[in-house]
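Okay, so here's the structure we're looking at.
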Amino acid sequence: MTTRAILIQGGRVIDPTQKLDDRRDVLLMKGEVAEIGKKVKGPDDALVIEASGKIVCPGFIDLHVHLREPGGEHKETIASGARAAAAGGFTSVCAMPNTDPPIDDPASVGYVRAAGLRSGGARVYPVGCVSIGQKGERLTEIGEMIEAGAVAITDDGHPVGDAGLMRLALEYTQTFGIPVANHCEDKALSRGGSMNEGLVSTRLGLNGIPNAAEDVMIARDLMLAQLTGGRLHIQHVSTRNGVGMIREAKRRGVRVTAEATPHHFTLTDQAVDGYRTEAKVNPPLRAPEDRAAVLEGVRDGTLDVIATDHAPHHYDEKEQAFEDAPFGLVGLETALGLAITHLVEPGVLALSDLVERMSCAPARAFSLPGGTLRVGSPADLTIFDPAVAWTVDPARFKSKSKNTPFAGWQLRGQVVATIVGGAIVFGGGLLSKV
Ligand code: DOR
């Protein structure tokens, strides 16, 4: 780690907030972006990073990660998750509150924040629960959690099942200007299901989760956002109708943002074939037409944000029978490669749109610092090489958990360095010269 001035020379600097996509030098000083120009001369003792052929952009921000601390430290800790994030090019992550105990009061929010500060990786922003104990009954003390550092609320891992509670959350949060995020799943429709309901579930003899389980709650929440004027953030959208309803609500002016995960834009429920628990996620991997709709949603910006839903689980838990294994896969260290390989290379997104979905839009959605390289903004940057091909090897993950369906995949696009507050938190050895 260093807080010396850093001069990044000759990279292709992409910053959609300044409509910039050109060869530039970037000088970082005192934890901030100090200067961007065609030829910048830094102080004599600046650390020089030679970045020609590389992309230099505002650091990626992941609005949806599970760091498992407290209570699940055998899967991930805040420190290991923050380092995995840095290895994936993320400079900030938002930690979901479905820990044990859940993050539902100011003390636990403060704990996550403090552990994040000590991690030496990406910045960690706590997200507090909507309901006490994630029980879906009583609202948490939202204002106190925000004072302690919470940037949004969600009961993720669980939906907010009670429409009245969701309405209250969307009303109360307006006092503070933070969004309410929801994992949309009507449990009355999904109960007992362990994968997408469709031909594949029938063939495998597994109980399915229909698209409607997600769609009815997305519809409800869009109506509640319209009713209240609150800021709604819909997590991990996986269905064709879900994307369509969000697109239409945005047209009507509803204040809604939404996520697409790399696994939902890359895989279908075929990935579960062979009872592969690494591909068991919630919401489940869906049919090809749903995947196509998610891709179209990412392309046209209906799904503003790419978020990983990084959900580490221990090998032993994922080794159980398909129905018994937990939902979730690790995503932080494959997100960029999947996005370059499956969005940029096939022409779904230009590189600048990718930076918009992975950095600028997430910063706006949760009102976080970063997401821009404007002079004076935090020196949070990702440097990556879009051309490098690599093979996913979970043994090399910084994450404590290795549960990925992408092991052995050939991907293109590799993180070269991650800089947080002017300090190199990943990749320093590869690039720097004094
Ligand atoms: O796949 C998932 N894993 N979906 C969720 O909603 C929760 C998450 C977890 O916490 O493991």
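What follows draws every value from the coordinates through simple rules; no lab data is involved. Remember, predicted model here, so these are calculated numbers, not experimental data. For neighbour counting, all protein chains shown are included, and Cβ atoms are generated from backbone atoms with ideal geometry for every residue, glycine included.
If you average the C-alpha positions of the range 125-150 and of the range 312-342 separately, how far apart do those two centres end up, in angstrom? If we compute the Cα centre of each part, the gap is 27 Å. With neighbour counts taken as other beta-carbon atoms within 10 Å, the residues Asp22, Asp385, Asp156 rank, fewest first, as Asp22, Asp385, Asp156. Under the convention that each Lys and Arg Cβ holds +1 and each Asp and Glu Cβ holds -1, the size of the dipole of the chain around its Cα centre is about 1140 debye.
Of the residues Arg83, Arg252, Arg276, the one that moves most in a GNM of the chain with alpha-carbon contacts below 10 Å is Arg252. Computed packing ranks the peptides 255-266, 340-351, 400-411, 175-186 as 255-266, 175-186, 400-411, 340-351, most packed first, by mean other Cβ atoms within 10 Å. In the range 178-312, a dipole from Cβ-located charges (positive for Lys and Arg, negative for Asp and Glu) runs towards its positive end, and of Asn182, Leu227, Gly205 it is Leu227 whose Cα lies farthest in that direction. Magnitude of the charge dipole for the range 164-233, about its Cα centre and with charges confined to Cβ atoms of Lys, Arg (+1) and Asp, Glu (-1), is about 80 debye.
What is the helix-to-structure angle for 240-251, meaning the angle in degrees between its Cα long axis and the longest Cα principal axis of the chain, kept from 0 to 90 and rounded to the nearest 10? Roughly 70 degrees between the two axes. Computed from backbone phi with θ = phi - 60° and the Karplus coefficients 6.51, -1.76 and 1.60, the 3J(HN,Hα) list for the range 71-83 is x, x, 5, 6, 8, 6, 10, 4, 5, 5, x, 5, 6 Hz; x is used for glycine and proline.
Summed over qualifying helices (DSSP H, 4 residues or more, each -39500 (n - 2.57)) and divided by its residue number, the chain shows a 222 nm mean residue ellipticity of -7500 deg cm²/dmol. This model, with +1 at the C-beta of Lys and Arg and -1 at the C-beta of Asp and Glu, gives the range 1-55 a dipole about its Cα centre of some 140 debye.
When you restrict to C-alpha pairs under 8 Å that are six or more residues apart and normalise by the size of the chain, the relative contact order lands at 21 percent. Between Val13 and Asp22, Arg23, Arg24, Val56, the built amide H atoms are under 5 Å apart, and every one of these is 5 or more places off in sequence or on another chain. Between the range 376-408 and the range 1-41, the alpha-carbon centres lie 22 Å apart. Could you tell me which of Ala86, Ile419, Ser194 has its Cα farthest along the dipole of the chain towards the positive end, charges placed at Cβ (Lys, Arg +1; Asp, Glu -1), taken about the Cα centre? The residue sitting farthest along the positive end of the dipole is Ile419. When the Gaussian network model of the chain links Cα atoms closer than 10 Å, the mean-square fluctuations of Glu319, Glu333, Glu214 top out at Glu319.
Residues whose amide H lies under 5 Å from that of Lys400, counting only those 5 or more places away or on a different chain, are Thr77; hydrogens are built 1.01 Å from N in the peptide plane. Principal axis extents of the C-alpha atoms in the chain (largest first, rounded to whole Å): 64, 47, 43. Counting only alpha carbon atoms, the long axis of helix 211-228 and the longest principal axis of the chain meet at about 70°. Over all pairs of different C-alpha atoms, the range 104-195 has a mean inverse distance whose reciprocal, the Kirkwood radius, equals 13.8 Å. Could you state the angle between the C-alpha long axis of helix 106-118 and the longest principal axis of the C-alpha atoms of the chain, as a value from 0 to 90 degrees rounded to the nearest 10? Helix 106-118 sits at roughly 40 degrees to that axis.
Couplings 3J(HN,Hα) of the range 123-128, computed from phi: 5, 10, 9, x, 10, x Hz, in residue order, whole Hz [Karplus 6.51 cos²θ - 1.76 cosθ + 1.60, θ = phi - 60°; x for Gly and Pro].
When the P(r) of the range 230-386 is calculated, the portion above 23 Å amounts to 41% of the C-alpha pairs. The packing ranking of peptides 58-69, 143-154, highest mean first, is 58-69, 143-154, where packing means the average number of other beta carbon atoms within 10 angstrom of each residue. Once you sort the root eigenvalues of the Cα gyration tensor of the range 1-152 as a ≥ b ≥ c, which label holds: rounded (a/c under 1.5), prolate (a/b larger than b/c) or oblate (the other case)? Judged from the Cα gyration tensor, the range 1-152 comes out prolate (a/c at least 1.5, a/b above b/c). Just want the answer: with Cβ charges of +1 for Lys and Arg and -1 for Asp and Glu, which residue in Gly128, Leu170, Ala115 is farthest toward the dipole's positive end in the range 111-213? Value computed over the given set: Ala115.
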